[in-house]
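Notes to accompany the following structure.
The values are calculated or read from the model by the stated rules, or taken from the named source; none is laboratory data. Nothing here was measured: the structure is a model prediction, and the numbers come from that model. Cβ: placed from backbone, ideal geometry, glycine included. Neighbour counts: every protein chain shown.
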Amino acid sequence: MSPRNRAIVLGLGLLLLAAVPPFASLFNQPFYLDLVRRIMIFAIAAASLNLILGYGGMVSFGHAAYLGIGGYAVGVLAHYGVYDGLLQWALAIGTSALVALVIGAVSIRTSGVYFIMITLAFTQMLYYLGISIEEFGGDDGMRLAAKSRLPGIDLNDASAFYYLVLAALVLVLFFGHRLVNSRFGMVIRAAKSNETRTRAIGVSPYLYRLAAFVIAGAVCGLAGALLVNHTAYLTPEFMNWTRSGELMFMVILGGMGSVAGPVLGAFALLVLEDLLSGWTQHWQIILGPLLVLSVVFFRRGLAGLIREKND
Amino acid sequence: MRLEIAGGLERFEGPGRGTIRAPFFLPPLNLILVLEQTLNGLQLGVMLFLMAAGLTLVFGIMNLVNLAHGSFYMVGAYLATYFYATTGSYLLGVLLGLAGTLAVGVAVELVALRTLYERDHLDQVLATFGLILFFNELAAMLWGRAALYTNIPEYLSGHVDLLPGLRYPLYRLVIIAVGLAVAGLLWFVVARTRLGMLIRAGASNRAMVAALGINIRFLYTLVFGFGAALAGLAGLMAGPIYAVQPGMGELILIEVFVVIVIGGIGSIRGALAGALIVGMVDTLGRAFLKPTLATVISPTAADAAGPALASMLIYLLMAAVLALRPQGLFPARL
Amino acid sequence: MKQQFLRSLTVGIAAAFVAAGPAAAQQKVKIGFITTLSGPQGVIGEYMKNSVELALDHLGRKMAGLDVEVTYGDDQVKPDVGKQVAEEMLKKQQVDFVAGIIWSNVMLAVAPTVTDAGKIMVGTNAGPHELAGKQCSELFFTTSWQNDDTPEAMGKVMQDQGISDVYLMAPNYAAGKDMINGFKRSYKGRIVDEVYTRLGQTDYQAELSQLRAKSPKAVFVFYPGGMGISFLRQYSEAGLRGQFPLYSVYTVDEISIPAVKHAALGQYETRYWSPDLKNPANQKYVSDYRKKYGKMPVFYGAQSYDGILLIDSAVRAVKGNLANKKGMVAAMRKADFSSTRGKFSYNSNHFPIQNFYLLKTVAGPAGQDPVMEIQKTVFTNHKDSYYKECALK
């Protein structure tokens, strides 16, 4: 698909997304606005994972941790009466970046299944930590005291919040696209496909990977801040390792190594879960094999085998 | 009113228990208790080893990460329970359970996993994650979501007085014995038999073994089935003392992965070492961490930090091992 | 490729819109019942759902002449999924009542969502103290209890029995700590040790060895679900059952007994209800449940059964005029229905004022599982410890 056609298709997609709030109010179905907003927030998280997983080949099973960290940063500040959105969200992004730096510094020294396992272990540690802190509700979690206060936008207005998330998604995708096509991105992608060769040309992947890991963590922290405002509730469940698995599936289903892939993946997975659980309580026996089949056959995801070949 | 909580540990009541004065930073040691906890750690380690051996074997030979290994643990427990209940014989239940798990393992390998050998680990992780969902739901559909009733047969229940004051459940001693016997058997097979030689050769150089005319596919299926059977053995031994219900494999799966990462993936020796270390650290941590902390920080703080730290302990251990020695303690030479 | 992707995108969004249906023209009583239906905890949801169905059968599927429509939702033990399911029920199916919910953390996410939307929430299990106290709401009712009540009752039992010291164990999460705190509110003796284990832990041998070394006079634990089954088995196998009497809350019940059988014999629990509670409504519920489903009902079910009857009492009181929220709330406050627990009343925070009983697990009729039987009444007309923090009067 030529870049021009690609741009048209993306533009159409964005237009569709932008049309949801007016359509939702036209048909008196406010639920759908919430549903799509939730999906978009997860799409942002999946997009951040795509940077390190799709492009960088780093299988991080601990990515959901940053959703939790971002969420808790906002929630904890609100708990102590700090409602300034810019401050909260800056802290959410900053803390996530810091934690990603620490975890990444240790984990990126390993590779392959060791990397998977150690990222998983770190997430579990954070999860148990979250459960044991009673002040913030432990595993009961806490209600968000009040939504973040941002200049000019009232997050209590469903539509306004929706467009904010949409704007965030667009920005994340745009900067992601610029990043992977920059020199930095080239190193990451080169290291994924052939590490030995990358080293041979004199580039050490470690620092680049670490930087990518931190960026991914920071963006996911932002998603966490958005999520906690959306659910108006925070809980350590945000950090559960099965949530990381879901994010990974969104990236795979949508198509790794493509910018819009995670968005499609998020839609596909979450809509599927919602529909299936409405039909039968045994929905996992359908979803399980479906996921297996999708990995085996739809290796390149919904968004373009062709694209990857051209890259 | 909270009265004398962690600080009361100094007083051990109960007849005939020896107390030893320890260095100031440790709580007074009850030798019998420490011995008992050591046995507990050994038993937990042995169970973990049975699970880890199968998983590490499969990884070492076929380079396959199998998240659904916990499902074989569950299958073993369910089948053994079912056959024990229908035939009335515990031994028959064990044998049929093992055979059944082997069969399920082989079936899974033939149907679902063949395509994954050439894929990277990410695909394997995701595909086998899908298998977990499938098996859990299948168990729920066949036997319901409620836990099944299992029990230890008469001749295996009760206690043994190992030392004056140290009573230990017979069943757990049996588990330790079985686990160590399996470890010995595995060592013998891998180091001393032709099959073991093929396995070791296949781990070093797949293509060469195939070129020499050995049916690599059959070898893979055999090894995978055997690994599944080992997990099933762990499951059927765990059944009577834990709960047999859907999802039981996932509770232990992460610990098993921690074991093989610490021990070194692909190495059975590593699996044994890792399992025993994790079993010991986890058990001794749960038992003694809080009282030890209480001697250096306040009892109330130890109350809060102790349990949290104890649950994170094995992950911290894994992170430490990986930081110092990223390939694990005994990297794959099988 | 491009067409395929465009197609899937449009189909996805279109399908989502098309799946929505307009509100029914005929007036119905629409109830959304949220519980856990998948995963290992789905067994609890099964009992709740069955009890709701039984209640509807008993009511002839009508309330004040209107048809009743119940939609079931699965929270998957996750607060944000529960919240989403609730929102779907409120906005898409436009239910009049939301009921159910097993878990406190899910309840804390869902209840405010429902009450903020102006609908009545009838909780049928979780009773977090926030909803009993500071976050109480006019539109929130529960047919169960406040989480701390049950362990408070057990604390009193052990205090009254003159047990001088006790060893406490629970999983290390919010509910575990609540249970221990509730226990300590009424038990004033010596606490030998307070041990919190990892959530989901299966092997308790290490903790049991520690316990034996301490030789307490009695042991009090809280281990719900699979953790309880593991713990009970291991407690028996370790030979501790005869040595140290075991008291618990939410550990031994009609769901776990079939899995452990004799390993639970002799164990004490406190509860607001038991299948052998003698009143006409309960006898009808228990016998019809056993007839229809072949199993002994459990308290989760009894609470859900009562929840439907409570809603029915409200709908009848306003003669089907579901817009009259004030009337329904006033009717519910009266608790004017035949509850499986017998007569009870509501406190200002809409939590029941009820009795609590001491139950013991005894051998069942020959060849059958053990059963739980009431030994005596521990609390009469007990009020929870948080109602004073509630602004409602």
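Tally the residues that are basic (Lys, Arg), closer than 16 Å to C:ALA363 by Cβ and either assigned to a loop (DSSP other than H, G, I, E, B) or modelled with pLDDT of 90 or more (or both), restricting the search to the stretch C:228-272. Before the answer, list the steps.
Here is the first cut: in the stretch C:228-272, the residues basic (Lys, Arg) are C:233, C:241, C:261, C:271.
From what is left, the residues that are closer than 16 Å to C:ALA363 by Cβ are C:241, C:261.
So of that shortlist, the ones also either assigned to a loop (DSSP other than H, G, I, E, B) or modelled with pLDDT of 90 or more (or both) come out as none.
Total satisfying the criteria: 0.
Determine which single condition C:VAL43 fails, assuming it passes every other condition in (1) touching a helix residue (DSSP H, G or I) at 6+ places or on another chain (Cβ under 7 Å); (2) part of a helix (DSSP H, G or I); (3) touching a residue at least 60 places away in the same chain (Cβ under 8 Å); (4) among the aliphatic types (A, V, I, L, M).
Of everything listed in (1) touching a helix residue (DSSP H, G or I) at 6+ places or on another chain (Cβ under 7 Å); (2) part of a helix (DSSP H, G or I); (3) touching a residue at least 60 places away in the same chain (Cβ under 8 Å); (4) among the aliphatic types (A, V, I, L, M), C:VAL43 misses just condition (1).
Can you tell me which of A:ALA200, A:ALA146, A:ALA167, A:ALA121 is in contact with a helix residue (DSSP H, G or I) (Cβ under 9 Å, 6 or more places away or on another chain) and more than 14 Å from chain B (Cβ to nearest Cβ)? Step through it out loud before you land on a result.
Details: A:ALA200 fails: in contact with a helix residue (DSSP H, G or I) (Cβ under 9 Å, 6 or more places away or on another chain); A:ALA167 fails: in contact with a helix residue (DSSP H, G or I) (Cβ under 9 Å, 6 or more places away or on another chain); A:ALA121 fails: more than 14 Å from chain B (Cβ to nearest Cβ).
That would be A:ALA146, the only listed residue that is in contact with a helix residue (DSSP H, G or I) (Cβ under 9 Å, 6 or more places away or on another chain) and more than 14 Å from chain B (Cβ to nearest Cβ).
Hey, among the residues in the stretch B:140-169 that are assigned to a helix (DSSP H, G or I) and not hydrophobic (A, V, I, L, M, F, W, C), which one's farthest from the other protein chains (Cβ to nearest Cβ)? Before you say what the answer is, go through the steps one by one.
Applying the first criterion (assigned to a helix (DSSP H, G or I)) to the stretch B:140-169 yields B:140-143, B:154-156.
Pick out the ones that are also not hydrophobic (A, V, I, L, M, F, W, C) and you get B:154-155.
Details: B:GLU154: 13, B:TYR155: 14 Å.
By that ranking, first place goes to B:TYR155.
Kindly provide the set of residues from the stretch A:163-182 that are farther than 17 Å from A:MET40 by Cα and either part of a helix (DSSP H, G or I) or under 15 Å from the mean Cα position of the chain (by Cα) (or both), ordered by number.
Our first condition is that a residue be farther than 17 Å from A:MET40 by Cα; within the stretch A:163-182, this holds for A:177-182.
Once the filter is applied, which keeps residues that are farther than 17 Å from A:MET40 by Cα and either part of a helix (DSSP H, G or I) or under 15 Å from the mean Cα position of the chain (by Cα) (or both), the stretch A:163-182 yields A:HIS177, A:ARG178, A:LEU179, A:VAL180.
For the stretch C:214-227, state whether one or more residues are hydroxyl-bearing (Ser, Thr, Tyr), facing chain B (nearest Cβ under 9 Å) and not in a helix (DSSP H, G or I). I'd like the intermediate steps shown before the answer.
Step one: filter the stretch C:214-227 for residues hydroxyl-bearing (Ser, Thr, Tyr), giving C:215, C:223.
This time we only want the ones that are facing chain B (nearest Cβ under 9 Å), so: C:215.
Right, trim to not in a helix (DSSP H, G or I) and you get C:215.
Yes, the stretch C:214-227 contains at least one residue that is hydroxyl-bearing (Ser, Thr, Tyr), facing chain B (nearest Cβ under 9 Å) and not in a helix (DSSP H, G or I).
Looking only at the stretch C:284-313, which residues are free of Cβ contacts under 8 Å to residues at least 60 places away in the same chain, in a loop (DSSP other than H, G, I, E, B) and either crowded, with 24+ Cβ neighbours inside 10 Å or of a type in the set (Ser, Thr, Tyr) (or both)?
Hits for the stretch C:284-313: nothing passes.
Among the residues of the stretch A:16-33, which ones are without any contact (Cβ under 8 Å) to a residue 60 or more places away in the chain and either within 11 Å of chain C (Cβ to nearest Cβ) or farther than 19 Å from A:ALA160 by Cβ (or both)?
A:LEU16, A:ALA19, A:PHE23, A:ALA24, A:LEU26, A:PHE27, A:ASN28, A:GLN29, A:PHE31, A:TYR32
Quick check on this structure: which one of C:ALA335, C:ALA330, C:ALA281 is in contact with a Ser or Thr (Cβ under 9 Å, 6 or more places away or on another chain) and assigned to a helix (DSSP H, G or I)? Even if it seems obvious, please write down each step before you answer.
On the way: C:ALA335 fails: assigned to a helix (DSSP H, G or I); C:ALA330 fails: in contact with a Ser or Thr (Cβ under 9 Å, 6 or more places away or on another chain).
Every option except C:ALA281 fails the conditions.
Would you confirm whether or not the stretch A:209-231 contains a residue that is within 22 Å of A:ALA168 (Cβ to Cβ), in contact with a strand residue (DSSP E or B) (Cβ under 9 Å, 6 or more places away or on another chain) and outside any helix (DSSP H, G or I)?
No - not one qualifying residue is present in the stretch A:209-231.
Among the numbered criteria (1) touching a residue at least 60 places away in the same chain (Cβ under 8 Å); (2) not acidic (Asp, Glu); (3) not in a loop (DSSP other than H, G, I, E, B), which one does C:PRO275 miss?
The single condition C:PRO275 does not satisfy is (3).
Looking only at the stretch B:296-334, count every residue that is surrounded by fewer than 19 Cβ atoms within 10 Å (Cβ to Cβ) and more than 13 Å from chain A (Cβ to nearest Cβ) and tell me the total.
The total comes to 4.
Please verify whether the stretch C:100-120 includes one or more residues that are closer than 27 Å to C:PHE379 by Cβ, polar (S, T, N, Q), free of Cβ contacts under 8 Å to residues at least 60 places away in the same chain and crowded, with 24+ Cβ neighbours inside 10 Å.
no
Could you count how many residues in the stretch A:18-55 are surrounded by 24 or more Cβ atoms within 10 Å (Cβ to Cβ) and outside any helix (DSSP H, G or I)?
Number satisfying all stated conditions: 0.
Test A:LEU155 against the criterion of being crowded, with 17+ Cβ neighbours inside 10 Å and part of a helix (DSSP H, G or I), and give yes or no. Walk me through it before giving the result.
Numbers: crowded, with 17+ Cβ neighbours inside 10 Å: yes; part of a helix (DSSP H, G or I): no.
In short, no.
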